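A short worksheet on the structure shown next.
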Amino acid sequence: MSLLRKCWAFVRKDFLTDVSYRLAFAGQLVFTFFMVAAFYFFARMFEGHEIASLAPYGGAYFPFVLVGVAFSSYLGVAIRSFADTIRNAQVLGTLEALLVTPTPVGQVIVLSSVYDFLATSLRVVVTLAFGVFIFGVRFPDANWTGALLVLLLTIVSFSFLGVLSAGVVLAFKRADPSSWLVQGLSYLLGGVYYPVSVLPGWGQTLAQILPITHALEAMRRLLLTGASLAEVSGSLLGLIIFSAAAGPVSLLVFWAALRRVRREGSLSQF
Amino acid sequence: MPAIELRAVRKRFTQPRPLSAILRHPLRFERIQVLDGVDLSVPRGSLTGLLGPNGAGKTTLLRILAGSISPDAGELSLLGIDALRHPRRALGKLGVVLGDERSFFWRLTAEQNLQFFAALHDLHGKAAKQRIRELAQRFGLEGELGKAFRNLSTGWRHRLALARALLHDPEVLLMDEPTSGLDPGAAERACGFIAEQLVAKMGKTVLLATHKLDEARQICDRLALLARGHILYQGSASEALARTSELYADRAEEPA
Ligand SMILES: Nc1ncnc2c1ncn2[C@@H]1O[C@H](COP(=O)(O)OP(=O)(O)O)[C@@H](O)[C@H]1O
Ligand SMILES: [Mg+2]
């Protein structure tokens with residue numbers, strides 16, 4: 001209860017801070033529309049052709065890429081949000097003020113990112129809505145409950161990448177270059193724009209390490225072919241294993257960074 | 001039981017070096033022993049000044065108490081709470097004014113800022129509003145609550161930082177150079193406010209770091225003199241003031 005109220009306080013603060021929100025959001029809407037439209041025409045190139053690699057996802061390219069583009073946007077926000085929160089608070093000088101309260105650091109950082117995740121969710125919904133209402137995509141058999149579960153699992157596993165990045169930013173007071181590597185690899189190998197099956201063998205193997213591969217695989221099967229959770233259990237397992245491995249490592253790195261910063265006395269420096 | 005007690009607190013910093021220096025001499029650390037066994041006791045209800053020259057380690061000491069720097073050794077107790085073991089419990093009893101006026105959200109109003117920080121202390125809704133109104137009245141901040149933080153003058157920002165530190169009604173307050181950046185008139189009013197409102201009326205214990213002798217003389221009832229890593233003297237203000245020359249004993253070689 002108290003956590004929920006704190007969460008509300010953070011979201012409210014970020015909403016009020018973001019005065020340019022409405023204008024920026026309107027701009028993003030237009031951009032999203034153009035992007036979805038671009039993929040719609042891109043997909044028309046393949047109309048009338050059977051594409052074998054898309055068969056497991058219902059066969060059509062446009063719904064395939066729509067789901068990929070929509071849900072991959074969680075990756076960017078998860079990787080950057082925690083680190084940006086810390087970086088901004090260091091630069092603004094608010095970090096120390098936040099931390100001399102009885103609210104634990106972990107809570108401060110997670111709650112500071114809730115607003116970003118909400119905004120991203122809104123963007124995902126809008127992206128899908130453009131696809132449905134303007135470009136006529138249908139999800140007739142979609143397993144929405146399953147999709148919600150996969151979404152939660154996706155956000156958790158992506159967030160561990162973000163916590164890792166946050167640890168690096170906290171300790172070194174620099175933007176974390178490795179976060180771009182992970183993002184780049186995810187877009188290259190994770191099956192955002194094309195199925196993983198078109199990659200060479202080594203690429204497919206490497207893709208299995210990335211959480212986005214499993215997240216998109218499960219999401220597409222659930223939404224586009226109406227698969228049951230049991231049918232995507234391989235992808236679920238992939239996400240769970242990733243979280244179980246990356247979770248402890250990222251939390252450990254973060255706490256080590258926090259200890260280092262407290263020892264160095266550089267909590268509020270940047 | 002004293003409000004604050006430090007025993008044998010030590011802190012050494014490794015000076016940050018530019019990358020080029022690290023590459024040339026990777027192992028030549030430049031360390032400075034800022035606190036070298038500090039013992040300090042602040043009685044409840046007192047207004048204690050922590051007086052020392054620039055770089056003596058006053059801010060470091062306050063940050064250690066506030067939990068944002070960890071000491072290398074020593075013990076801290078806050079109203080009997082072991083602050084190293086239970087930092088969050090200690091923070092619940094501590095108000096911190098670290099003298100960084102940037103530490104608010106600039107686009108929010110003063111009131112929205114206070115509401116947000118109140119939530120971090122688990123004060124929400126009506127209770128928070130009530131508390132903010134009470135503090136605003138006491139601090140004469142009513143007219144400023146609706147203004148964006150970025151539009152407040154330095155004096156009001158200081159007041160707001162003070163109000164923020166008191167949101168959860170802590171018994172003990174730490175203040176770092178509370179008059180820095182204020183003109184002499186405003187500084188004097190701020191000092192009067194601390195002595196009369198916070199200590200005399202509200203009964204708070206205040207530990208106030210300053211390098212200004214006048215300020216210490218004007219309001220503190222007790223003083224602790226910090227220099228060269230040690231507390232040289234702590235006790236009544238009048239006696240301490242007679243010994244302030246010791247604070248600057250090593251300053252003779254330094255350029256004026
Ligand atoms: N995070 C830090 N890393 C390295 N040196 C520091 C750090 N913080 C303070 N110092 C050094 O420690 C000494 C004491 O600093 P400080 O506590 O700010 O003194 P004061 O507040 O009394 O002026 C100074 O020499 C300062 O340069
Ligand atoms: Mg200082």
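The values are calculated or read from the model by the stated rules, or taken from the named source; none is laboratory data. In this text the structure is predicted, and so the values were computed from the model without any measurement. Methodologically, a virtual Cβ is constructed for each residue, glycine included, from the backbone with ideal geometry; neighbour enumeration extends over all protein chains shown. Heads up: the accessible areas ignore ligands, DNA and RNA and are worked out on the full protein's heavy atoms, side chains in. Shrake-Rupley method; radii C 1.70, N 1.55, O 1.52, S 1.80 Å.
Values for this structure:
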| item | result |
| --- | --- |
| Candidates A:Ala26, A:Ala37, A:Ala70, A:Ala52, filtered to the one that is in contact (Cβ under 8 Å) with a residue 40 or more places away in the chain, over 28 Å from A:Ser165 (Cβ atoms) and among the small types (Gly, Ala, Ser) | A:Ala37 |
| Total residues in the range B:195-215, condition farther than 17 Å from B:Pro43 by Cα, more than 16 Å from ligand 2 (Cβ to nearest atom) and in contact (Cβ under 8 Å) with a residue 40 or more places away in the chain | 1 |
| Subset of the range A:154-189 (residues that are among the small types (Gly, Ala, Ser) and surrounded by fewer than 23 Cβ atoms within 10 Å (Cβ to Cβ)) | A:Ala171, A:Ala175, A:Ser178, A:Ser179, A:Gly184 |
| Qualifying residue in the range B:128-138 (condition: within 11 Å of chain A (Cβ to nearest Cβ), more than 30 Å from A:Ala256 (Cβ to Cβ), open to solvent by less than 10 Å² (accessible area, probe 1.4 Å) and away from ligand 1 (no atom under 16 Å from the Cβ)) | yes |
| Residue in the range B:10-24 that is more than 16 Å from ligand 2 (Cβ to nearest atom), under 19 Å from B:Leu226 (Cβ atoms) and part of a strand (DSSP E or B) present | yes |
| Residue match in the range B:8-25 (condition: within 15 Å of ligand 1 (Cβ to nearest atom), under 29 Å from A:Trp255 (Cβ atoms), away from chain A (no Cβ under 14 Å) and crowded, with 21+ Cβ neighbours inside 10 Å) | no |
| Residue tally, condition away from ligand 2 (no atom under 13 Å from the Cβ) and open to solvent by 30 Å² or more (accessible area, probe 1.4 Å), over the range B:38-54 | 5 |
| From the options B:Val172, B:Val206, residue that is within 14 Å of chain A (Cβ to nearest Cβ) and open to solvent by less than 30 Å² (accessible area, probe 1.4 Å) | B:Val172 |
| Selection status of B:Glu75, in contact with a strand residue (DSSP E or B) (Cβ under 6 Å, 6 or more places away or on another chain) and of a type outside the set (A, V, I, L, M) | yes |
| Residue ID - least open to solvent (accessible area, probe 1.4 Å), chosen from residues in the range A:82-102 that are more than 7 Å from every other protein chain (Cβ to nearest Cβ) and of a type outside the set (A, V, I, L, M, F, W, C) | A:Gln90 |
| Breaking point among (1) modelled with pLDDT under 95; (2) buried (at least 17 other Cβ atoms within 10 Å of the Cβ); (3) assigned to a loop (DSSP other than H, G, I, E, B), for B:Leu167 | (1) |
| Check on A:Leu16, under 29 Å from B:Gly146 (Cβ atoms), more than 23 Å from the chain's Cα centre (by Cα), part of a helix (DSSP H, G or I) and at pLDDT below 95 | yes |
| Tally, over the range B:51-74, of residues that are more than 6 Å from ligand 1 (Cβ to nearest atom) and among the polar types (S, T, N, Q) | 2 |
| The range B:96-116, subset touching a strand residue (DSSP E or B) at 6+ places or on another chain (Cβ under 8 Å) and facing another protein chain (nearest Cβ under 9 Å), residue farthest from B:Met1 (Cα to Cα) | B:Arg107 |
| Positions within the range B:49-62 being farther than 15 Å from B:Pro178 by Cα and at the interface with another protein chain (Cβ under 10 Å from one of its Cβ atoms), in sequence order | B:Thr60 |
| Total residues in the range B:87-124, condition over 23 Å from A:Met1 (Cα atoms) and assigned to a loop (DSSP other than H, G, I, E, B) | 11 |
| From the options B:Ile69, B:Ile81, residue that is within 8 Å of chain A (Cβ to nearest Cβ), of a type in the set (A, V, I, L, M) and open to solvent by less than 40 Å² (accessible area, probe 1.4 Å) | B:Ile69 |
| Extreme residue, farthest from B:Ala148 (Cα to Cα), among residues of the range B:55-109 that are within 13 Å of ligand 2 (Cβ to nearest atom) and of a type in the set (Ser, Thr, Tyr) | B:Thr60 |
| Members of the range A:223-270 found to be part of a loop (DSSP other than H, G, I, E, B) and within 16 Å of ligand 1 (Cβ to nearest atom), listed by number | A:Gly265, A:Ser266, A:Leu267, A:Ser268, A:Gln269, A:Phe270 |
